[in-house]
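Scroll down for the structure; my scribbles are underneath it.
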Amino acid sequence: MVERQDTELLGPNNQYLPKIVAVFAEVLCGKDLATEQTASRMVNLLRQLQQTLPPAILASTWSSLQPQQQLALQSILS
C-alpha cells in the first residue's frame with residue numbers, strides 16, 4: 001500500500017516517479033556518486049517500489065529510462 005507521504009513524494013498519479021527512478025539510476029550507475037550506505041538505501045527503495053506499485057506503472061517508469069539505465073537497474077535489482 002502506498003502511504004500518504006509516498007503519494008506526496010511521487011506526485012499526483014505518480015508523475016514524479018520516472019524522474020526519481022532516473023536520478024536513482026544515474027547515481028547507482030555512476031562512480032562514487034553516493035556512499036555505499038546511500039546506494040543500499042536507494043536499492044531498497046527501488047525494491048519496495050517494485051513490490052508495491054502496479055505493474056503498469058512500473059513498466060511505464062522503466063520504459064522512460066535510457067536502455068543502459070534499464071539494464072543496470074535490472075542487474076542491481078536481481
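The values are calculated or read from the model by the stated rules, or taken from the named source; none is laboratory data. As the structure is a prediction and not an experimental result, all values here were calculated from the model. A quick note on method: Cβ atoms are made from the backbone with ideal geometry, for glycine too, and the neighbour counts reach across all protein chains shown. Areas reflect the complete protein model, heavy atoms only, side chains present, ligands, DNA and RNA absent. Shrake-Rupley method; radii C 1.70, N 1.55, O 1.52, S 1.80 Å.
Observations, loosely collected:
- Protein accessible area in the chain, 1.4 Å probe - carbon and sulfur %: 53 percent
- Cleavage-rule hits (GluC sites (Glu not before Pro)) in the chain: DSSP loop, at most 14 neighbouring Cβ within 10 angstrom: E3
- Over the chain, relative contact order from alpha-carbon pairs under 8 Å, at least 6 apart, %: 37 percent
- When +1 charges are put on Lys and Arg Cβ atoms and -1 charges on Asp and Glu Cβ atoms, the dipole computed for the chain relative to its Cα centre reaches about 100 debye.
- Legend: residues S63, S40, sorted from most to least accessible area (1.4 Å probe; ligands, DNA and RNA excluded), read S63, S40.
- Mean-square fluctuations from a GNM of the chain, with a 10 angstrom spring cutoff on Cα atoms, peak among Q37, Q51, Q15 at Q37.
- Solvent-accessible area per residue for the chain (1.4 angstrom probe, square angstrom): 72 Å²
- Degrees, to the nearest 10: 67-77 long Cα axis against longest axis of the chain: 90 degrees
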